There are 2 protein chains.
Amino acid sequence: MRVLVTGAAGFVGRALIPVLARSGHSVLATDQTCAGLREAGAEQVFEGDIADAGLRSAATARAEAIIHLATVPGGAAEIDPVLARRINVETSMALSEEFAASRSAGRFVFASSIAVLGDPLPTPVDDHTPLRPRMLYGAHKAMIETWLATLARRGQLAAVSVRLPGIVARPMTPAGMKSAYSSDLFHAIAAGRPIELPVSPGATMWLMSVSQVAQCFARAVEVDPASLPPSCAVTLPAQRVSMTELVGEICEQCNASPSLASYAPDPTLEAGFGRQPPLVAAEAERLGFAHDGTLASLVRSALQTLTPEHR
Amino acid sequence: MRVLVTGAAGFVGRALIPVLARSGHSVLATDQTCAGLREAGAEQVFEGDIADAGLRSAATARAEAIIHLATVPGGAAEIDPVLARRINVETSMALSEEFAASRSAGRFVFASSIAVLGDPLPTPVDDHTPLRPRMLYGAHKAMIETWLATLARRGQLAAVSVRLPGIVARPMTPAGMKSAYSSDLFHAIAAGRPIELPVSPGATMWLMSVSQVAQCFARAVEVDPASLPPSCAVTLPAQRVSMTELVGEICEQCNASPSLASYAPDPTLEAGFGRQPPLVAAEAERLGFAHDGTLASLVRSALQTLTPEHR
């Protein structure tokens, strides 16, 4: 199948392209800069701004499915709400409308987020937990879930919204975004550097390695639309790990001392990212989505994605 | 309080302005054409396109509360989805964001719709019925409900989304929009004209007179934000009436023969508008929203809104 990946040059996109190519798909890729995407396995690249109708028209013309990753993420959306609205809401609606008009019931996989759930969260979170986003980003994702489910109900798209958990290990960000601490932790310990974490040792997070996330997107392209819940949305079955467990396992695999990690909890970050309760992702599991398996395999997979330049 | 009404020249807006003015509010009004709005009680009018940032800025500058009625309604949204997205989603988001930035936790009342519920509906519909819109219009309204509830959760707005039922008696539409049959019925019988209805005699609809809708909006401006459900949305407690009952009561009050009405059911219209189950609007009732009381008072109120030119 010819699958268009938007935001293809991002962390998830770069991991996803080779997975799709190995599964026999022809990958079309679009992003603002597309350096290295052909080498990653993309058959054709469309360099430009996804908010531009001309770029969208060119990129979607031959696509039989779309995996829509392009987004203005959480922290950036809070800084520039108008840009975030344009990309996360207006452009997502335009892209899905145009794709629905161009072919009958085409597959549209949307990268949603656990940010749609908001905080504080009930215990456990399951497929019936109401969506009460607190971040603008989470509201935008919830709105597009509603939009895509409507187009699916009308028979115009085969929509699947996939709610992503925390993904490790993202590249180090120069600005050191605080919410990136769970990824920064991998970089620090692998390099033998101390790190101060903005959450408590008992903080709990839902995590998945980027290679496992890529597997989930590949699965989303194949899943039977008739088997989806009415929301057309699934929360991926992430592993719930505590910061202490995570630090311990990374240190074990890196032969490092857990004393590299120290803790200076920030109440807001702890509330927003470090209080994730048990997660029952029954719908996703029924549909064939899976997490990394064990904490050891999650950490191993995340460590493999650290490139030397990022350590 | 200085209350800005958008879409103020529409059917609901024109009924709402005098109600607000009589309640002691200063009414600011905006619409594409504002003829007659000062006479209706508006202190100041802002004529222009709500999609224009300059118009929004001028209209909201002095507003202490906003009642946002401006919309591209159901049938029109299906005909021009891009315009509908621009007005119903993008402009609603921009207006609420801008208002939230201009003052702390200002009151923002949003005209939502029972179209957020979709069809087929469960029996009964209550405050826990999931939103599964089928019309683009309904999806747009559900998306903005999510958006406003997020801004409310963040303390940026005091948002109230009010889901409107069928409103009678709207002016006759020149094109005779099929879904307007429940309003057209009033005009026809009051004028002694026969009318063919596109639903069955047993079709059931949720209805409210426009003056009662105006009362509900006036109530929405006053309601304690802390008493709202997490969705910040309420389905108004409309009366559920069958077409036979409605025809009978209108004919009684107009001294006309029920044989003026004939029936030629259209399955799509019947499914979308004529199968409304019992409605339990507990949240709205708890918050002081009410329907017209009796079928006789609903019909009497609707007949009073028929102006001679519309009969």
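The values are calculated or read from the model by the stated rules, or taken from the named source; none is laboratory data. Remember, it's a predicted structure, so these values are computed and weren't measured experimentally. We place every Cβ from the backbone using ideal geometry, glycine too, and count neighbours over all the protein chains shown. The protein model used for the area step is the full one, side chains on, heavy atoms only, and it has no ligands, DNA or RNA in it. Shrake-Rupley method; radii C 1.70, N 1.55, O 1.52, S 1.80 Å.
Need a quick list: strands (runs of 3 or more DSSP E) entirely within segment B:209-311 having at least 1 residues that are open to solvent by 50 Å² or more (accessible area, probe 1.4 Å) and modelled with pLDDT of 95 or more. Walk me through how you get there before you give the answer.
Numbers: elements: B:233-235, B:239-242, B:261-263.
Those strands (runs of 3 or more DSSP E) span B:239-242, B:261-263.
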- [ ] Give A:VAL12, A:VAL27 a once-over and let me know the one that is touching a residue at least 12 places away in the same chain (Cβ under 8 Å) and farther than 15 Å from A:ARG107 by Cβ.
- [x] A:VAL12
- [ ] Go through segment A:178-208 and count every residue that is among the aliphatic types (A, V, I, L, M) and open to solvent by less than 10 Å² (accessible area, probe 1.4 Å).
- [x] 9
Open item on the list: So A:ALA42 passes all but one of these: (1) out of contact with any strand residue (DSSP E or B) (no Cβ under 6 Å at 6 or more places or on another chain); (2) in a loop (DSSP other than H, G, I, E, B). Which condition number does it fail?
Closed with: (1)
TODO: Could you figure out which of (1) part of a helix (DSSP H, G or I); (2) more than 19 Å from the chain's Cα centre (by Cα); (3) not basic (Lys, Arg) isn't true of A:ASP49?
DONE: (1)
- [ ] Report yes if A:LEU28 is modelled with pLDDT of 95 or more and either open to solvent by less than 30 Å² (accessible area, probe 1.4 Å) or assigned to a loop (DSSP other than H, G, I, E, B) (or both), otherwise no.
- [x] yes
- [ ] Quick one: in segment B:42-67, of everything that is open to solvent by 50 Å² or more (accessible area, probe 1.4 Å) and within 12 Å of B:SER26 (Cβ to Cβ), which residue is modelled with the lowest pLDDT?
- [x] B:ARG62
